[in-house]
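The values are calculated or read from the model by the stated rules, or taken from the named source; none is laboratory data. Computed from a predicted model, the values in this text were never measured in an experiment. Cβ atoms come from the backbone with ideal geometry, glycine included; neighbour counts cover every protein chain shown.
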Amino acid sequence: MTDETSSAGSPGPAETHEEGWIDPTERNWFRFSIVLLVAFAVAVGVAGFALGFQVPGDEARVDPRTVADEAPWSDRIDNPVREVAPGEYVVYMIARQFRYEPNTITVPEGSTITFYVTSIDVQHGLKIQDTNINLQIVPGQVSKLTTTLDKAGTYPFICHEFCGLGHAGMFGTLTVEAGEG
Amino acid sequence: MLITEPTYQVTKEEKRFIGLHLFFAILALSIGSLFGPLQAFQYSGLDLYPYIEPIFKSYYQGLTLHGVLNALVWTTFFITGFLTLTIIKGLKRPLVYPTLNKVGFWTMVVGLVTTAIPLLLDEATVLYTFYPPLQASSLFYVGLTLVVVGSWIEGYGFFFTYRAWRKENPGVRTPFVSFAALITMALWQGATLGVAVEILTMLLPWSLGWIDGVDPELARTYFWFTGHPLVYFWLLPAYLSWYGMLPKQAGGKLFSDSLARLAFWLFLLLSIPVGFHHQFTDPGIPQGWKYIHAALTYGVAFPSLLTLFTVVASLELAGRKRGGKGLFGWVRALPWGDPSVSAQLLAGILFIFGGIGGITNASYNVNLVVHNTAWIVGHFHLTVATAVTLSFMGISYWLVPYLTGNRLWKPKWAVAQGWIWFVGMIIFSNAMHVLGLLGAPRRTPLGSAPYVPEEWSGHLFRVSFGGAILLVGVILYVVIMVRTAWSKDKLGPDEQVEVPIAEALHDPQRTPAFLDRWRPWLIATVALILIGYGPQLLDMLLNIQLTSPGF
Ligand code: HEM
Ligand SMILES: [Cu+2]
Ligand SMILES: [Cu+2]
């Protein structure tokens, strides 16, 4: 049985406690927290599903033991960047210990590129600097994401998942060439 | 006090048992933490790995030890020990089956040793997430399983003890510290099912050669089923202390017993079906499911916001009672000279930033900016390596004197230790966060990576500098612990340390009964897990592809 009489020094909120099990200041905080969190959830939902700032989804599955020799990945070295519509490109990429294939990519300014990436050995990462491309690359799965490159320059892409002793050296380069005009 | 409650005197043997948990915890931290500064120094080009090469083969072997020993061993051993005390001290009775708990503990120790062998032999350099198809020696998986099973057994010991107490005390509210311990353990039992299934159905048979391949995406999904609630398993014992002990140490009371309990239930309810927030950039999981987990993650942020309120309110009560005036005068009036209090206050302050970062990480598409960058490392060094670790350090400043009957060695140094950790971590983690935004990857010896631009170098140096300060902090902590535990400086009969258990401002008996009833909450928890994980897991299982051999 705990002491019922609250000690002399305790401040205001204590008295109003008699009403229910939540103190009024607490209740306000309660409400504020809920509104804040719901607002966040709505904001990212709208950004993702209505405005198209999306994360990767469930794209396709492949067999990591054979995918390198199968279309469309088999053509990745000779035909690294495929134009599918004016200004729209597709890259089929393989990540492996300790390089990307293709390891250098060049596109003109203003292009939209869609990456389809998979691994033939362990997990890797792919983060293209200064873009929204950030992928976990998992053998057996295809990671897909699209980006638009409006600024000419070179953008290194870097492996961010530990993939073995050569991991820190695993990177490639995306070059965006300035337009003719 | 109108009626003085009987207190239970923890026996010498029980104290020894709890102390053994701490021994292994601190041993793990002392070894595991040494790699932290080595990594941090490597960032700015001070590469000490060649000097330790005869024993430790690579940056990554060290990083695996750092993650496993700190995040898995230090935490689990400290927590099981600390919770044992809060169970018996709160319920005021001994464990019903002390032998069961001993079996659990020694199973954990055997597991630890079994895991350590391949780790030290560089045969399990797979980092603490052991993502397949990187393959470790089967001993590593066996050892981890034993650690988890041992902790389960200790948990059963708690549950049986609670059942016995409940029979003796029908209708009485479970004392808060024991209540919190029970929820933490229940959460752990549910959470670890993910890795248990991952290891037993895929990784172990695969490492033994019984099956040729694994499904790496399914493995990741199992892992993060455990991985997110794991962080609450670390955090809840610190919350237990902030709610249930710190107010007493600061000279006040727990502001709201009801909200404290509600927060713990919500953690149990919501912390499992949110694991996809670690897999936003993964293939193989539809966006809709990822979004549901993102929304539920905002839900699990809610009890943390409640905690912020209740803990601050409790501390304000304490500070004002001690004569603190004005808007912030009560903060200064808190007993900052008590190393246990100051360490936990500093841990709490940094946790605010950890929490803000956490909400950022959980924000679905925003995660593309930070996933697997140094930002994440900055984030969890504020949370597990500070909010949790520095709180546990603070707790040990009363716990070790309590268990041993020895005087704390140089309390002023212990106060300084907390501040050193605080300052070092601010520098370290700020630099890490900035590096992450600049695009620096994690799990990488950046000091020798070919793509690192010149503009990162100032931040890389700050990582090293913060790491050096933290090195001093960890050494000081271990020295204080060792000198206290093996001291001849006994506390006098009237100086004995007591377990600080805070009273609530209001009689817990007035807390609504639904906040002390297990069944509805457990049913809701299981239901929410089935909704959050069921369909996607079923789909992955029906389409399982065991096509990845080991590397
Ligand atoms: C002495 C203080 C510490 C320093 C200087 C330090 C430093 C570091 C650094 C630089 C990394 C990143 C390495 C990389 O991503 O390449 C790291 C990773 C990590 N640290 Fe610490 N750390 C310290 C203490 C702790 C503590 C106390 C914990 C947990 C209780 C902890 C848990 C972790 C974990 C889980 C990782 C991730 C490992 C991985 O990516 O596999 N650290 N630490
Ligand atoms: Cu890599
Ligand atoms: Cu999480």
Which fully enclosed helices (runs of 4 or more DSSP H) of region B:1-84 have 2 or more residues being buried (at least 16 other Cβ atoms within 10 Å of the Cβ) and in contact with a helix residue (DSSP H, G or I) (Cβ under 8 Å, 6 or more places away or on another chain)? B:12-43, B:59-66
Scanning region B:507-524 for residues that are away from chain A (no Cβ under 14 Å) and either surrounded by 11 or more Cβ atoms within 10 Å (Cβ to Cβ) or β-branched (Val, Ile, Thr) (or both) gives B:Arg517, B:Trp518, B:Trp521, B:Leu522, B:Ile523, B:Ala524
Quick check on B:Gly299: is it more than 11 Å from every other protein chain (Cβ to nearest Cβ) and within 13 Å of ligand 3 (Cβ to nearest atom)? no
Any residue at all in region B:446-457 that's touching a strand residue (DSSP E or B) at 6+ places or on another chain (Cβ under 6 Å) and farther than 30 Å from B:Gly90 by Cβ? yes
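Against the condition modelled with pLDDT under 95 and buried (at least 19 other Cβ atoms within 10 Å of the Cβ), how does B:Asn372 come out, does it pass?
no
Condition test on B:Leu334, is it away from ligand 2 (no atom under 16 Å from the Cβ) and over 20 Å from the mean Cα position of the chain (by Cα)?
In short, yes.
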In the set B:Gly534, B:Gly458, the lone residue that is farther than 28 Å from B:His277 by Cα, out of contact with any helix residue (DSSP H, G or I) (no Cβ under 6 Å at 6 or more places or on another chain), free of Cβ contacts under 8 Å to residues at least 24 places away in the same chain and away from chain A (no Cβ under 14 Å) is B:Gly458
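Within region A:126-144, how many residues are in a strand (DSSP E or B), closer than 17 Å to A:Thr173 by Cα and facing chain B (nearest Cβ under 8 Å)? So that I can check it myself, show each step before the final result.
Within region A:126-144, the first condition is being in a strand (DSSP E or B), and the residues that meet it are A:126-128, A:134-137, A:141-144.
Of the ones still in play, those that are also closer than 17 Å to A:Thr173 by Cα are A:126-128, A:134-135.
Cutting the leftovers down to facing chain B (nearest Cβ under 8 Å) gives us A:127, A:134-135.
Number of matching residues: 3.
Can you say whether B:Gly288 is more than 15 Å from ligand 3 (Cβ to nearest atom), not aliphatic (A, V, I, L, M) and not in a helix (DSSP H, G or I), as far as the supplied structure shows? Steps first, please.
On the way: more than 15 Å from ligand 3 (Cβ to nearest atom): yes; not aliphatic (A, V, I, L, M): yes; not in a helix (DSSP H, G or I): no.
When the stated conditions are applied, B:Gly288 does not pass them.
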All positions within region A:145-158 that are part of a strand (DSSP E or B) and either over 30 Å from B:Met540 (Cβ atoms) or of a type in the set (Val, Ile, Thr) (or both): A:Thr146, A:Thr147, A:Thr148, A:Leu149, A:Gly153, A:Thr154, A:Tyr155, A:Pro156, A:Ile158
I'm checking my understanding of the structure. Among residues of region B:500-551 that are part of a helix (DSSP H, G or I) and acidic (Asp, Glu), which one is nearest to A:Gly164 (Cα to Cα)? B:Asp539
Just a yes or no: is a residue in region A:150-173 crowded, with 24+ Cβ neighbours inside 10 Å, in contact (Cβ under 8 Å) with a residue 24 or more places away in the chain and more than 16 Å from ligand 2 (Cβ to nearest atom)? no
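Only one of A:Gly110, A:Gly166 is in the same structural domain as A:Val67 (by TED's automatic domain parsing) and on the phi > 0 side of the Ramachandran plot; which?
Details: A:Gly166 fails: on the phi > 0 side of the Ramachandran plot.
That would be A:Gly110, the only listed residue that is in the same structural domain as A:Val67 (by TED's automatic domain parsing) and on the phi > 0 side of the Ramachandran plot.
Answer yes or no as to whether A:Gly57 is at the interface with another protein chain (Cβ under 8 Å from one of its Cβ atoms) and more than 15 Å from the chain's Cα centre (by Cα).
Values: at the interface with another protein chain (Cβ under 8 Å from one of its Cβ atoms): yes; more than 15 Å from the chain's Cα centre (by Cα): no.
So A:Gly57 does not fit the description; no.
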Going residue by residue through region B:218-227, is there one that turns out to be crowded, with 24+ Cβ neighbours inside 10 Å, farther than 14 Å from B:Ala180 by Cβ, away from every other protein chain (no Cβ under 14 Å) and more than 16 Å from ligand 1 (Cβ to nearest atom)? yes
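Restricting region A:100-125 to residues that are part of a loop (DSSP other than H, G, I, E, B), in contact with a strand residue (DSSP E or B) (Cβ under 6 Å, 6 or more places away or on another chain) and within 16 Å of ligand 2 (Cβ to nearest atom), which is farthest from B:Arg220 (Cα to Cα)? Show your work before the answer.
Keep residues of region A:100-125 that are part of a loop (DSSP other than H, G, I, E, B), which gives A:102-103, A:109-110, A:120-123.
Within this subset, residues satisfying the condition of being in contact with a strand residue (DSSP E or B) (Cβ under 6 Å, 6 or more places away or on another chain) are A:103, A:109, A:120-121.
Then keep just the ones that are within 16 Å of ligand 2 (Cβ to nearest atom); that gives A:103, A:120-121.
Numbers: A:Asn103: 27, A:Ile120: 17, A:Asp121: 16 Å.
Selected residue: A:Asn103.
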Yes or no: region A:30-39 includes at least one residue that is facing another protein chain (nearest Cβ under 8 Å) and modelled with pLDDT under 65. no
Does any residue in region B:269-285 that is in a loop (DSSP other than H, G, I, E, B) come within less than 7 Å, Cβ to Cβ, of a residue that is within 16 Å of ligand 2 (Cβ to nearest atom) and aliphatic (A, V, I, L, M) six or more places away or on a different chain, and which pairs are these? B:Thr281/A:Leu135; B:Asp282/A:Val138; B:Pro283/A:Val138; B:Gly284/A:Val138
Here's a check for you: in region B:404-446, which residue that is in contact with a Phe, Trp or Tyr (Cβ under 7 Å, 6 or more places away or on another chain) and at the interface with chain A (Cβ under 9 Å from one of its Cβ atoms) is nearest to ligand 1 (Cβ to nearest atom)? B:Arg443
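Select from region B:267-281 the residues that are within 7 Å of chain A (Cβ to nearest Cβ) and either within 16 Å of ligand 2 (Cβ to nearest atom) or under 18 Å from B:Thr525 (Cβ atoms) (or both) and list them in ascending order. Can you show your working first?
First, pick out the residues of region B:267-281 that are within 7 Å of chain A (Cβ to nearest Cβ): B:280-281.
The answer is B:Thr281, and nothing else.
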Based on this model, can you work out whether A:Glu88 counts as in the same structural domain as A:Cys159 (by TED's automatic domain parsing) and closer than 18 Å to A:Ala178 by Cα? yes
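Is region B:286-294 home to any residue that is within 8 Å of another protein chain (Cβ to nearest Cβ), of a type in the set (S, T, N, Q) and surrounded by fewer than 24 Cβ atoms within 10 Å (Cβ to Cβ)?
Going through region B:286-294, the residues within 8 Å of another protein chain (Cβ to nearest Cβ) turn out to be B:286-287, B:290-291, B:294.
Subsequent filtering for residues that are of a type in the set (S, T, N, Q) retains B:287.
Narrowing further to those that are surrounded by fewer than 24 Cβ atoms within 10 Å (Cβ to Cβ): B:287.
For region B:286-294, residues within 8 Å of another protein chain (Cβ to nearest Cβ), of a type in the set (S, T, N, Q) and surrounded by fewer than 24 Cβ atoms within 10 Å (Cβ to Cβ): present.
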Checked region B:404-429 for anything of a type in the set (A, V, I, L, M, F, W, C), assigned to a helix (DSSP H, G or I) and surrounded by fewer than 24 Cβ atoms within 10 Å (Cβ to Cβ); matches are B:Trp413, B:Val415, B:Ala416, B:Trp419, B:Ile420, B:Phe422, B:Val423, B:Ile426, B:Ile427
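Which residue out of B:Gly354, B:Gly378, B:Gly358, B:Gly329 is without any contact (Cβ under 8 Å) to a residue 60 or more places away in the chain, within 14 Å of chain A (Cβ to nearest Cβ), within 16 Å of ligand 3 (Cβ to nearest atom) and part of a helix (DSSP H, G or I)?
Details: B:Gly354 fails: within 14 Å of chain A (Cβ to nearest Cβ); B:Gly378 fails: within 14 Å of chain A (Cβ to nearest Cβ); B:Gly329 fails: within 16 Å of ligand 3 (Cβ to nearest atom).
One residue alone meets the criteria, B:Gly358.
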If I filter region B:472-483 for residues that are in contact (Cβ under 8 Å) with a residue 12 or more places away in the chain, away from chain A (no Cβ under 14 Å) and under 30 Å from A:Gly125 (Cβ atoms), do I get at least one hit? yes
Selection status of B:Val388, within 16 Å of ligand 2 (Cβ to nearest atom), in a helix (DSSP H, G or I) and within 17 Å of the chain's Cα centre (by Cα): no
Only residues that are touching a Pro at 6+ places or on another chain (Cβ under 8 Å) and within 24 Å of A:Thr173 (Cβ to Cβ): list them for region B:450-467, please. B:Tyr451
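Looking at this structure, is B:Asp494 more than 9 Å from chain A (Cβ to nearest Cβ) and more than 30 Å from B:Ile272 (Cβ to Cβ)? Before the answer, list the steps.
Values: more than 9 Å from chain A (Cβ to nearest Cβ): yes; more than 30 Å from B:Ile272 (Cβ to Cβ): yes.
Spelling it out, B:Asp494 is indeed more than 9 Å from chain A (Cβ to nearest Cβ) and more than 30 Å from B:Ile272 (Cβ to Cβ).
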